[in-house]
Amino acid sequence: MKAEELFDVRGLATIVTGGASGIGLACAEVMAANGARVTLMDRNASALDTQVRRLAAAGLDVRGVVVDVTDRARLNLAFDAAATAHGRIDVVFANAGIGGGPGFLTAQGARNPDAAFENISDERWNAAVAGNLSSVFWSIQAAVRHMKPKGGGRIIVTTSIAALKTESGVGTPYMAVKAGAAHLMKQAALELARYGILVNAIAPGPFLTNISGGKMFDPAVRSYHERVVPMKRLATPDEIMGLALFLASPASKYITGTQIVIDGGATLGSAD
């Protein structure tokens, strides 16, 4: 079989949440560039409009919907509208999320009392749960309602290497909810395999994106990650494209319940 057949996503009705920037935009762009019909969803109306216009000007089949994934009712309406526009939903990238905030250690290794376990506020905890776990649950639910009657589909969740390891420099709520999202993906995969719906996850390591206000662009934060990642650099969003296309395409048709790490070796530990 040729590569163009293995990775054929032409005509697939695709939704990408958090699609106006970073990893979500990269997923949307690679799908659209290879012939998929893509709905980008994001709460940032200005960024969404800019990217939809840019992709459409390149001749790609894209549309944008402004929606906050923590608003369950509006999220359902957005999925329904996408299904109406494209006639079905074949692929969903449940990518939207919020950053982890500071951990109990700073990039310089000093203790941060504001992020100490006993000082984590309910507001911060609830925001992490809503933005990184409940939103994934609701996105999967919305996708399944449309995929079951059509006989199948693909759901790809963006988790994090935070789901696999502890981390002193990232907020505790983020670590817990990303692990929850990873396990939720597996539970969904177990139940939905019978219906031809494959559910997998992408677990990124340190990527240069705007999450958490673009903290990865801060020289101190960037330097810290570059030291501890064996490949000695941070990834750019376009480096997610191959994996995103793989999980959405026939090339991965016997894979479900799997979390694929893309982290430059960060989960392996430090190297020289």
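Numbers for the structure displayed
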item	result
Apportionment of accessible area to carbon and sulfur, the chain, percent (1.4 Å)	54
Amide proton proximity set for THR158, modelled H, under 5 Å, gap of 5+	ALA94, ASN95, ILE202
Estimated vicinal HN-Hα couplings, Hz - segment 221-235 in sequence order (Karplus 6.51, -1.76, 1.60; Gly, Pro = x)	5, 4, 4, 4, 5, 5, 6, 8, 7, x, 7, 6, 7, 9, 7
The chain: relative contact order in percent, alpha carbon pairs under 8 Å with at least 6 residues between	20
Vicinal HN-Hα couplings computed from phi for segment 263-272 (Karplus, 6.51 cos²θ - 1.76 cosθ + 1.60; Hz; Gly/Pro x)	9, x, x, 4, 6, 7, x, 6, 9, 7
When the convex hull of its Cα atoms is projected in every direction, mean area for segment 1-67 (nm²)	4.2
Segment 47-140 - Kirkwood radius from inverse mean 1/r over Cα pairs (Å)	16.1
The chain - accessible surface per residue (Å², probe 1.4 Å)	47
Over the chain, volume per residue of the alpha carbon convex hull, in Å³	130
Surface/4 of the Cα convex hull for segment 1-160, nm²	11.9
Fraction in percent of alpha-carbon pairs per bin - 10 Å, segment 95-211	14, 41, 28, 13, 4, 0
Mean projected area in nm² (Cα convex hull; one quarter of hull surface) for segment 161-255	7.2
Helix-only mean residue ellipticity at 222 nm for the chain, each DSSP H run of n ≥ 4 adding -39500 (n - 2.57), per residue, nearest 500	-12500 deg cm²/dmol
Candidates THR158, THR166, THR17, ranked by Gaussian network fluctuation over the chain, Cα under 10 Å, top entry	THR166
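The values are calculated or read from the model by the stated rules, or taken from the named source; none is laboratory data. Computed from a predicted model, the values in this text were never measured in an experiment. These accessible areas exclude ligands, DNA and RNA; they are computed on the full protein's heavy atoms, side chains included. Shrake-Rupley method; radii C 1.70, N 1.55, O 1.52, S 1.80 Å.
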